[in-house]
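Okay, structure first, notes after.
The values are calculated or read from the model by the stated rules, or taken from the named source; none is laboratory data. What you see is a predicted model, and the numbers here were worked out from it, not measured in a lab. Cβ atoms come from the backbone with ideal geometry, glycine included; neighbour counts cover every protein chain shown.
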Amino acid sequence: MNLSTDLEKEIESFVNKAMQTWNVPGLALVIVKDDKVLLSKGFGVREIGKSEKVDEHTLFAIGSNTKAFTATAVGLLVQDGKLAWDDLVTKYIPTFKLYDSHTTQMITIRDLLCHRSGLGTWAGDVLLLSSYPTEEVVKRLQHIPPEYSFRAGYGYSNLMFITAGLIISTVSGLSWDDFIRQRIFESLGMTDSVTNPRYFGERTNIATPHEDIKGKLQTVIYRDDAHVGAAGSIHASMADIALWLRLQLNNGNLDGKQIVDSAIIEETRTPHTPIKLTAIERKLFPSRHFSAYGLGWFLNDGHGRLTVRHTGGVDGMLSSVVLIPEEKLGIAVFTNKLPNAAYVVLPHYLVEKLTDMPAQDWIQIYTDLEKEENAKAEQAKKQRDDSRVKDTHPSLALEKCAGDYDSLILGGATISVEGNALSGEAVSKRGGLQIQLQAHESISGTLEHWHYDTFLCKWDDPVLGESLIPFITDGQGQVAEFRVKIREDWIDPLEHVFRKRTP
């Protein structure tokens, strides 16, 4: 199959409309069909206010689309006979512990890769922003309470993939980064791609991440010190990801060379953890009968065909990869803005356009969904604001809130008084109370009095937004602890408890 000139223009027109609808600065697209690259092209600019264009060699953060690379890397070690999918995690990390001792004794490498450890979705993910060594991040898993019994539910866990990355390093003798580079990037000829922004080197063809912050599109920083690693740190170009799509669609073969055993590819696409279909899914995809997670891939059916897919999101970037193996069709979309829906709308449109599936107006569908979600968010914010009790004051002097605190999961925190503050009202530029988490220097903020002994934290990193932080006394007039959720909408749903350190 080849794209006609008219069809290519039609696709490009749709891309531009989607980018305009969601104010996306730059987008890269690749379509692979029958082992041919039908289209590999960049749209828009790498960074707002600058003229450099996106092209097929522009690097984008692919976020959680990294997970399929990690699962495939484990598969390569299975292929080499160096480990087995069902080996216990403790065989390779003897110090590994989870909250539940039974789960610690039973959890396997396979469990790490299919989100059935029992942890809730994103639980503890703020640790990915920490400056702790990766080994320390994994060590702190033992303090995160489960949401489900082991293997009894689906909970999307980046931290389990971080653990899988450590196993790859332990078994291979290479860092996760080097293993991915040598065994996958170099084997496929992916010469643009890197496993982490710290390895950009002399590369300059790089998309800048952007976010809507308080209604304004702004650039945000790359977190090259984050522990996203095996869960989501790869940066790739469309020229490179086309090779990855071809490998996947050819069951591990690229240009006549069997790089990954077909049995490994099949294992990653085998449903392991069922995922309950949501009401929105049932409405949007009436022909969908199941949804599940394999090993590094989401799986579902659509109009009688298997869909293998994943999305990825990190600060300022969103991506999507979709495979329809029976059609030998692969699509990848990378964007340099968060949030936007163009990255998911475009694959829906293209799958329908390039197969015999019935077409829908996906831009309108997602525009309507976005309006509904925004309305819900506004309602939630209104409820929060309406619940604020006015004309209250802290029960304690701010100085009593100050001090050092400890969290089993996130480590230490320091609360300090800045300026001449009275009742938590900001009388200096930065406000009355400051918070600094030991986990990372960027996790800091200003606390303004909300009501009673609860303060509103405005995090210095705009990506983290705001959090309500209640201080709790011990019944003797002393502050015993504070509690905080850090971007519970997509970074970490846990309420982290910090207990005041005794002198």
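From the list A341, A402, A397, A377, pick out the single residue that is at negative phi, buried (at least 20 other Cβ atoms within 10 Å of the Cβ) and of a type in the set (G, A, S).
Details: A402 fails: buried (at least 20 other Cβ atoms within 10 Å of the Cβ); A397 fails: buried (at least 20 other Cβ atoms within 10 Å of the Cβ); A377 fails: buried (at least 20 other Cβ atoms within 10 Å of the Cβ).
The unique qualifying residue is A341.
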*asked:* Checking G229 against (1) modelled with pLDDT of 95 or more; (2) on the phi > 0 side of the Ramachandran plot, only one condition comes out false. Which one?
replied: (1)
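Tell me, please, whether a residue that is of a type in the set (S, T, N, Q), part of a helix (DSSP H, G or I), surrounded by 19 or more Cβ atoms within 10 Å (Cβ to Cβ) and in the same structural domain as E135 (by TED's automatic domain parsing) can be found in region 70-93.
Looking through region 70-93, at least one residue is of a type in the set (S, T, N, Q), part of a helix (DSSP H, G or I), surrounded by 19 or more Cβ atoms within 10 Å (Cβ to Cβ) and in the same structural domain as E135 (by TED's automatic domain parsing).
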*Failed condition for A226, given (1) surrounded by fewer than 19 Cβ atoms within 10 Å (Cβ to Cβ); (2) farther than 22 Å from A332 by Cα, with all others met?*
(1)
*Is region 479-500 home to any residue that is modelled with pLDDT under 95, more than 23 Å from the chain's Cα centre (by Cα) and not in a strand (DSSP E or B)?*
no
*Using the structure shown, decide if S64 is without any contact (Cβ under 8 Å) to a residue 60 or more places away in the chain, of a type outside the set (A, V, I, L, M, F, W, C) and in the same structural domain as G201 (by TED's automatic domain parsing).*
no
*Failed condition for K139, given (1) part of a helix (DSSP H, G or I); (2) touching a helix residue (DSSP H, G or I) at 6+ places or on another chain (Cβ under 6 Å); (3) of a type in the set (K, R)*: (2)
_When the residues of region 449-478 are narrowed to those that are surrounded by 16 or more Cβ atoms within 10 Å (Cβ to Cβ) and of a type in the set (G, A, S), which ends up modelled with the lowest pLDDT?_
G465
_If a residue counts only when it is at pLDDT 95 or above and assigned by TED's automatic domain parsing to the domain that holds D35, which helices (runs of 4 or more DSSP H) contained entirely in region 330-448 have at least 2 such residues?_
342-354, 362-386
_Hey, Y222 within 30 Å of A439 (Cα to Cα), of a type in the set (F, W, Y) and without any contact (Cβ under 8 Å) to a residue 60 or more places away in the chain or not_ = no
_Residue pairs, Cβ under 6 Å, 6 or more apart or interchain, first in region 343-370 and in contact (Cβ under 8 Å) with a residue 12 or more places away in the chain, second surrounded by 16 or more Cβ atoms within 10 Å (Cβ to Cβ) and acidic (D, E). List them._
T355/E327
*asked:* Please go through region 94-107 and give me each residue that is out of contact with any Ser or Thr (no Cβ under 8 Å at 6 or more places or on another chain) and surrounded by fewer than 17 Cβ atoms within 10 Å (Cβ to Cβ), ordered by number.
replied: P94, T95, Y99, S101, H102, M106
